[in-house]
Amino acid sequence: MTRYALSLRLSRAGSAKTRHREVAKKRGRALQLEALEDRRLLSIVTWDGGGDHSSWNDALNWDANSLPGSSDDVVIPDLATTSAVNYSTGTTTIRSLTSNEALVVSGGSLSVDDTSTIQNDFTLSGGTLGGGGTLTVTGAMTWTGGVMAGTGTTVIGAGGLLSISGGTHQLNRILQNDGTANWTDGAWQMFDGTFNNHGSFTANSASALQSYGTGGIDAFNNAGTFTKLGSGTTDFFFSSASVTFNNTGTVDVQAGTLNLAACGDSSGGFSIAAGSTLNFGGGTHNLSAASSVLGSGTLSVSSGTANLGGSYDVGGVTISGGAANFSGAGSTANAAQSGGVLGGGGTLTVSGAMSWTGGAMVGTGTTVIGAGGLLTISGGTHQLNRILQNDGTANWTDGAWQVFDGTFS
């Protein structure tokens with residue numbers, strides 16, 4: 001709204017009588033209006049449930065009997081007559097939201113532009129939650145469909161619970177978990193989306209769980225605890241864009257396969273339980289000297305490049321494609337290489353059985369078959385461009401063996 005000030009300019013010269021005459025002469029002239037700056041009038045709009053008790057778009061449910069707008073701070077108290085407020089259609093922008101009542105967004109577009117809280121449950125089953133503000137959910141958030149968009153952030157509070165299930169979920173903003181999150185079903189698309197896990201995140205399914213980029217810069221950043229449960233495979237991969245998986249916390253693969261098939265930088269720990277697999281399946285993954293990969297399960301590289309700069313002691317190493325570069329000293333009970341590259345400047349010690357049916361061993365490091373180990377060389381072509389040291393038993397039964405700056409001892 002533009003406001004105007006009325007000003008009557010008088011001459012400062014002359015006597016009071018003279019000024020009186022000048023004013024009198026100017027009375028017939030047009031008054032002068034000066035425009036002031038635009039000012040937004042803020043208002044609080046409160047839910048009273050006076051209409052159908054449930055629909056956001058029923059004006060009678062608001063105290064002024066009119067729907068909230070872009071300059072309004074919306075307050076929804078927990079009323080006995082309202083079980084949940086339902087937003088299902090239209091396009092609405094509000095300044096802020098403070099809700100002590102459950103909120104359901106099933107359609108349309110609801111945007112919140114300033115700091116807001118839902119101190120109850122929140123369900124996003126369709127439509128779009130957007131805006132530039134930070135929306136904190138302290139209760140349980142259920143995400144079964146729809147879009148989170150805008151420049152703002154959705155925060156699951158320290159005592160909150162995020163459940164991701166159902167169909168396709170589109171993340172185009174920052175989603176931050178400070179509480180507990182469970183992903184059990186549904187595809188997870190990102191377009192300029194970021195998930196920051198500061199709490200506990202569990203991916204649990206007997207079937208595939210997939211997260212991929214549809215555009216922009218996308219990332220899953222784990223600074224808390226990421227747990228993989230269920231016999232299925234959880235994938236973070238490239239579609240139209242990559243979902244980068246970065247770990248500064250703890251990743252615990254307890255069952256099934258965690259497939260990291262985009263890119264990532266990690267300084268945290270990876271734990272792999274017996275019978276489960278951590279696979280690097282694409283892109284470049286840099287694990288710093290501070291990182292670790294431990295457990296009785298299998299570390300696998302099928303595509304891309306995994307630069308393993310930290311400590312590693314696992315039940316099995318499998319290389320079928322891409323490159324696994326070991327920089328430090330580590331060990332595995334068993335190993336199998338059917339393709340790709342085993343490289344780096346570190347020492348990989350195999351205490352049990354190693355099967356070498358294809359691929360190349362390269363770099364300045366050493367592959368050691370331990371005193372009780374067994375190396376079996378068979379299949380197609382084998383390329384040795386590093387030191388391969390046998391302290392146990394070795395059997396060569398099939399395939400060519402090419403050596404370039406390689407040593408077998």
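The values are calculated or read from the model by the stated rules, or taken from the named source; none is laboratory data. Since we're looking at a predicted model, the values are computed, not measured. Cβ sites come from the backbone with ideal geometry, for glycine too, and all protein chains shown count toward neighbours.
With respect to SER296, determine if the residue is surrounded by fewer than 20 Cβ atoms within 10 Å (Cβ to Cβ), over 22 Å from CYS263 (Cβ atoms) and free of Cβ contacts under 8 Å to residues at least 24 places away in the same chain. Taking the combined requirement at face value, the residue does not satisfy it. Of the strands (runs of 3 or more DSSP E) lying entirely inside the range 361-406, the ones with 1 or more residues being basic (Lys, Arg) and either within 44 Å of the chain's Cα centre (by Cα) or closer than 19 Å to THR318 by Cα (or both) are found at 382-390. Given the condition closer than 21 Å to ASN279 by Cα and in contact with a Cys (Cβ under 6 Å, 6 or more places away or on another chain), answer yes or no: does some residue in the range 223-238 qualify? Within the range 223-238 (the criterion being closer than 21 Å to ASN279 by Cα and in contact with a Cys (Cβ under 6 Å, 6 or more places away or on another chain)), the answer is no, since none of the residues qualifies. Within the range 262-284, the residues that satisfy the criterion of being assigned to a strand (DSSP E or B), free of Cβ contacts under 8 Å to residues at least 40 places away in the same chain and not polar (S, T, N, Q) are GLY264, ASP265, GLY269, PHE270, LEU278. Tell me yes or no: at least one residue of the range 37-44 is surrounded by 13 or more Cβ atoms within 10 Å (Cβ to Cβ) and modelled with pLDDT of 95 or more. Yes, that holds for at least one residue. Only residues that are of a type in the set (Val, Ile, Thr), surrounded by 21 or more Cβ atoms within 10 Å (Cβ to Cβ) and free of Cβ contacts under 8 Å to residues at least 40 places away in the same chain were counted in the range 235-256, giving 2. Looking across ALA333, ALA290, one residue alone is modelled with pLDDT of 95 or more, of a type in the set (A, V, I, L, M) and within 26 Å of the chain's Cα centre (by Cα). It is ALA290.
I'm trying to understand the selection: among the residues of the range 156-182, which are assigned to a strand (DSSP E or B), within 24 Å of SER88 (Cβ to Cβ) and among the β-branched types (Val, Ile, Thr)? Across the range 156-182, the qualifying residues are ILE156, ILE164. For ASP185, the criteria (1) in a strand (DSSP E or B); (2) more than 24 Å from PRO68 (Cα to Cα) hold in every case but one, which is (1). Figure legend. Inter-residue proximity from the range 384-406: first residues basic (Lys, Arg), second residues assigned to a loop (DSSP other than H, G, I, E, B) and surrounded by 13 or more Cβ atoms within 10 Å (Cβ to Cβ), beta-carbon distance below 7 Å, spacing 6+ or different chains. Indicated pairs: ARG386/GLY406.
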